[in-house]
Amino acid sequence: MLSTKLKIGLAFSLGLFLLAAGCRKKDAPLPDNLVQFESGNQGLAAAIPDITVKLKLTRAASSDIPVTISITPTGVAYTTDFTTAPAASSGTLSLTIPSGSSETSFTLTKTPGILLEGTEQIVFKIESSGSPVIIGSTNIFTLQFAEIISSGAAITGDGGGATYANKVFFDLSANSQTAVLRTKWDLGFYSGDDWRVILNSSTGMMAKQIDKNDLNDVTAADTIDFSTQVIFNQFEPDVAALPYIDYPDGDLAKTAIAEISATASDNKVYIVNRGKGIGTPAPDRGWKKIRISRNGSGGYTLQHADIGATSFTSVDIPKNADYFFNYVSFETGAAEVEPQKTKWDIAWTYFSNVTDFGGGEVPYTFQDIVLHNRNVTVAKVLTSAKAYDVFAEADIASQTFVTTQSGIGADWRSGGGPGTAPFVRDDRYYIIKDGDNNYYKLRFTAMTKDGERGYPAFEYALVKSGE
């Protein structure tokens, strides 16, 4: 006989399947496919040498789509002060969006050593696109050669579609987003005063310490007694598995991996379940054994190997104060993941959350979680208390701001259980205080694009500048 939790899980999955099947419109005409810049305005700080500018399609192209872009600089000159890749000709960039893709990009690089006043800018304009693609409303992109404080914008995040392939970081003041494949890394190493290591929660990763200090002494036999615990089970979630995830509020004292000790012998081996990859069905990412210690240069040393291996790989990870965490992939070593700590505010991701079904909190993977950075605080405002359009600087003082990274979490959306489709809650919005003391009001507007999950959208506006 099926347990209550299993029935809930099966009903949830069946409901999503029926919902998806019922929402297909075989004969409905497709909307126009638009090409436009990812954002309309960004800044390039003096210390940043280059920037990649993206153009997006509403949906993937069915053939190669040529796009021409004009370049109008003010206070700077092509070749002398900046170049682009691909190179421009006669003030025009020629790009191609490949068949099957929904984006293209170009990179602008400043000439090393140039002196700028910060008033210089370049205006890029989409002049033409190949049929059947139509130029969208965000057809002009202005690059300013100075940091900006965006007054606000509307953004659709590139979460990678229904397989939620990306974790997307948003920098509100810069009006920018950075999408990173969520399987690009495994562990994050804290650069602050504490010695903490986080798991990749966007793959459902889990870890359990065992009483051994030598990786070569660990084999697959060491997983037998607890391999059923160190795994996400959506249909029969287990409260006993809770200690093996990083708690979703972001508290570094509640990570699956204990604080890395200065005493080498205190740092034990962990058995790691890497969770699931990207796809339908999502593939298992397998098991690893790891051991982490401090090294003499003021950073971390990671030893890792497959469960059955008799040798291991060693990676040194220095602390870099420009970032809150520095990341490592078991396949590729050091990995660039989240932007510098002053260059992002909130992130959308698939996530290892917790849910209480009545018997205590259990690990539960969850789509559409919104996290905020460690130097950011968030307050929730209900529209019944103050309408979004009229919220102003004078209203900030009465708000209660939270520091936990899941301050927004799943609160911005609802539904998705048995027989219900998920939807954006329109009775609330959020006040975001970024690391530079800028205050923004932000409300979510969509969680789909053309009916497909994985494209969260929101609009935001500057309420108070930190300057």
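The values are calculated or read from the model by the stated rules, or taken from the named source; none is laboratory data. Since this is a predicted model, take the numbers as computed values, not measurements. All Cβ positions, even for glycine, are placed from backbone atoms using ideal geometry, and neighbour counts span all protein chains on display.
Out of ASN273, ASN267, ASN320, ASN295, I need the residue that is over 30 Å from ALA162 (Cβ atoms) and surrounded by 20 or more Cβ atoms within 10 Å (Cβ to Cβ). Which one?
From the options ASN273, ASN267, ASN320, ASN295, the qualifying one is ASN267.
Counting just the residues of segment 60-92 that are crowded, with 16+ Cβ neighbours inside 10 Å and touching a residue at least 60 places away in the same chain (Cβ under 8 Å), which one comes out nearest to the chain's Cα centre (by Cα)?
Among those that are crowded, with 16+ Cβ neighbours inside 10 Å and touching a residue at least 60 places away in the same chain (Cβ under 8 Å), it is ALA61.
Do you know which residues across segment 36-73 are over 15 Å from GLY136 (Cβ atoms) and outside any strand (DSSP E or B)?
LEU44, ALA45, ALA46, ALA47, ILE48, PRO49, ALA60, SER62, SER63, ASP64
State whether the residues of segment 233-247 include one that is among the aromatic types (Phe, Trp, Tyr) and at pLDDT below 90.
Yes - at least one qualifying residue is present in segment 233-247.
Look through segment 258-275, keep the residues that are more than 15 Å from SER352 (Cα to Cα) and in a loop (DSSP other than H, G, I, E, B), and return whichever of them is farthest from the chain's Cα centre (by Cα).
Result: THR263.
Let me confirm something: among ASP426, ASP411, which residue is at pLDDT 95 or above and either assigned to a helix (DSSP H, G or I) or closer than 19 Å to THR349 by Cβ (or both)?
Every option except ASP411 fails the conditions.
Being under 14 Å from LYS56 (Cα atoms), touching a residue at least 40 places away in the same chain (Cβ under 8 Å) and over 26 Å from the mean Cα position of the chain (by Cα) is the requirement here; does ILE122 meet it?
no
Of all residues in segment 301-333, count the ones that are aliphatic (A, V, I, L, M) and more than 28 Å from THR219 (Cβ to Cβ).
Within segment 301-333, residues that are aliphatic (A, V, I, L, M) and more than 28 Å from THR219 (Cβ to Cβ) number 1.
Select the strands (runs of 3 or more DSSP E) contained entirely in segment 111-176, then report the ones holding at least 1 residues which are surrounded by fewer than 17 Cβ atoms within 10 Å (Cβ to Cβ).
The strands (runs of 3 or more DSSP E) meeting that bar are 121-129, 140-144, 152-156.
Can you confirm whether segment 305-317 contains a residue that is over 22 Å from PHE169 (Cβ atoms), surrounded by fewer than 15 Cβ atoms within 10 Å (Cβ to Cβ) and in contact with a Pro (Cβ under 9 Å, 6 or more places away or on another chain)?
No, segment 305-317 contains no residue that is over 22 Å from PHE169 (Cβ atoms), surrounded by fewer than 15 Cβ atoms within 10 Å (Cβ to Cβ) and in contact with a Pro (Cβ under 9 Å, 6 or more places away or on another chain).
Pairs needed: first member in segment 359-380, closer than 22 Å to ARG274 by Cβ; second member anywhere, among the charged types (D, E, K, R) and assigned to a loop (DSSP other than H, G, I, E, B); C-beta distance under 9 Å; at least 6 residues apart or different chains.
From segment 359-380, the pairs are VAL362/ASP238; PRO363/ASP238.
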